[in-house]
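A short reminder: the numbers here are calculations on the coordinates, not readings from a lab. Here the structure is a predicted model, which is why all the values come from computation and not from measurement. Every residue, glycine among them, receives a Cβ derived from its backbone with ideal geometry; neighbour counts consider all protein chains shown.
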Amino acid sequence: MAVLRAENLHKTFRSRGRAVQAVSGVSLRVEMGEVLAFLGPNGAGKTTTIKMVAGLVRPDRGLVRIEERDPHRDPWTLRRLGAVLEGNRNVYWRLTPLENLEYFGVLRGLTAGAARRRGELLLRRFDLDHKKNVLTQQLSRGMQQKLAIAVSLVHEPALLLLDEPTLGLDVEAAETVKQIVRELAAEGQAIVLTTHHLDVAQQLSERVAIIREGRIVAKDRTKTLLARFSGEQYEIEVAAELDEPRRRRLAGLGAEVTDGHVVYVGDPEGLWQVLEVLRPLPILRVEKDRADLTEVFLKLVREEADA
Amino acid sequence: MLRVIAIEFKRGLLNLRRYPLEMVGQLVVITLIFYGLFLGARYIAGPAAQFGGRLDALVVGYVLWTLSLFAIGDLSWGLMNEAREGTLEQVFLSPYGPARVYLARNVASLLIMLGFNLVILFVLLFLTGAHLHFAGAAVWPLAAALLGAYGVGFMLGALALYFKRIQAFLNLFQFVMMFLVMTPFERLEGPGRLAGILLPITPGAGMLRGLLARGEPFDMHLFALALVNGLVYLLVGLWVFTYAVRLTKERGLLGGY
């Protein structure tokens, strides 16, 4: 059973007689222990989709199911969902971390005692226990974000929605948040992660969905998507001068030689032929060109824009 | 639901403690007003003077006036603040639903306000040696009037949720409140009297005037009318608020300010 199943979501906003289609036909699926990176440029429809999943924006069409329950019809479905929303404080600054955890724990259906116990546990885990009685407004931005994540987990939800969780954090705090996400996923937490930090998405996600102008333009396993966009190009670094007969044979195979580098574009079978030509010269490095998520993202988003 | 009321009560008290100057300010104002009333300064009670000249009547009238004002505006101010500060959507993620959470918050705030007023009152009674001869029965029409006030509070909360900025409207609404609490509809004939039954807060306020200012006996029929009026307004208020929640979610206006 998928933890999240969103199918064919549509949303159009109307303002002053103008209709803007924010989301059109978006479907997402997240299994237990899986991190789905949900990426897209500003205004692409990420946050609207996230809020439709959380029951905060009502879709015009389509369905949302969290553990096969509909958050728009059955409010207790929200008991299985935690969310850190972008552009929000998410927690009360006038309360301490422990008070926030107790308050939101009760609001999510726990007893005050259970919420406090779980809160203490999460504060220890997120290394915030020394700040548990300090006002939240006095914490650093990174600590506030860790607290927001802790609060979203206080009721042990099956699905966690993290909308830009590393936005505005310094390098160290962002690393901590990334580590938390990694650990949560390893424990079986299903996570939907939206972020503009594509390196973060690449490091953390098993699967990626890219949205542009309200439509999904790519959806696959992160590795598969990266492989698909990685070229069939190999670069070989040789620690010796290449003689003329080798150069001619390499040219015959379609390889180019520049400054001790041999660049070959072709299938792995051809690569072995290139290596055979180079034998017995000392080879320093053989590297396949690998796309990163930033390249994939930009390529997809630009392709769609051109289309 | 009780545990939500309890946690809201705790949150309310913590907020008071965190801003001691705000709390001391409130204490000073309430103390001065009650003390003024004790010294015979009737004008200080504002609209409460309509409830008769006796000290107990003034005190009850003043409590109705301040609690009604609080009941009507508290939810809207709270929603506007939460939308601005970015905690509103987290409250909406509660499986209890926003109507129940905010109802619990209202009950908790009312208890805190009521507690504030009663403590100061009893301290002053003790210090001045004054005596209040409360018609204990006055509590019931007061409660009925407050139910209606909370109903109107939820309707205004619906506007605050949808439009986000209704400060000017809320300030203006104080005069509507003054009209509802002060006008002696129960002494009018024809449409005026009917309005006194149908408008929010008015049957409870009218009954209080009868009990305290005119020394009328407790009328069960009048109380039933005031109670039904209060409950209907509360239910309609909750319905309107729930409808506004739905509309706000449909138009994606929940988080925006």
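Here are the numbers for this structure:
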item: Neighbour-count order for B:163, B:116, fewest beta carbons within 10 angstrom listed first; result: B:163, B:116
item: Nearest-ten-degree value, helix B:2-18 long axis tilted from longest Cα axis of chain B; result: 80 degrees
item: Point-to-point label distance, residue B:239-residue B:165, nm (Cα→Cβ direction, 7 Å offset); result: 3.3 nm
item: Label-point separation in nm, residue A:221 to residue A:63, each point 7 Å along Cα→Cβ; result: 2.8 nm
item: C-alpha long axis of helix B:139-163 to longest principal axis of chain B, angle in °; result: 30 degrees
item: For the stretch A:225-281, diffusion coefficient by Stokes-Einstein and Kirkwood Rh (Cα), 10 °C, 1.306 mPa s, µm²/s; result: 135 µm²/s
item: Efficiency of FRET from Cβ geometry, residue B:28 and residue B:125, R₀ 22 Å, rounded to 0.05; result: 0.75
item: Cα centroid of the stretch A:99-116 to Cα centroid of the stretch A:222-300, whole Å; result: 58 Å
item: Taking A:94, A:124 and counting other C-beta atoms within 10 Å, the order from fewest to most; result: A:124, A:94
item: GluC sites (Glu not before Pro) within the stretch A:1-108: DSSP coil, no more than 15 neighbouring Cβ in 10 Å; result: A:31, A:68
item: 3J(HN,Hα) from dihedral phi, the stretch A:199-207, Karplus parametrisation 6.51/-1.76/1.60, rounded to Hz, x for glycine, proline; result: 5, 5, 4, 5, 6, 9, 9, 8, 9
item: Residue A:141/residue A:120 FRET efficiency (R0 25 Å; Cβ-Cβ; nearest 0.05); result: 0.60
item: 5 angstrom amide H check on residue A:215, placed H, neighbours 5+ away; result: A:24
item: Where Rh is the Kirkwood radius over Cα pairs, Rg/Rh for the stretch A:4-227; result: 0.97
item: Flagged links, alpha-carbon separation over 25 Å, of A:46/A:146; A:11/A:178; A:178/A:288; A:51/A:146; A:178/B:249; A:219/A:299; result: A:11/A:178; A:178/A:288; A:178/B:249
item: Inter-chain shielding of A:212-221 (mean C-beta neighbours from other protein chains, 10 Å cut-off); result: 0
item: Burial ordering of B:249, A:46, A:11, fewest other beta-carbon atoms within 10 Å first; result: B:249, A:11, A:46
item: Shielding by partners - mean other protein chain Cβ count within 10 Å, residues of B:241-250; result: 2
item: Along each principal axis, Cα extent of chain B, largest first, Å; result: 53, 48, 34
item: Kirkwood-type radius of the protein assembly as shown, with distances r between different C-alpha atoms, in Å; result: 27.7 Å
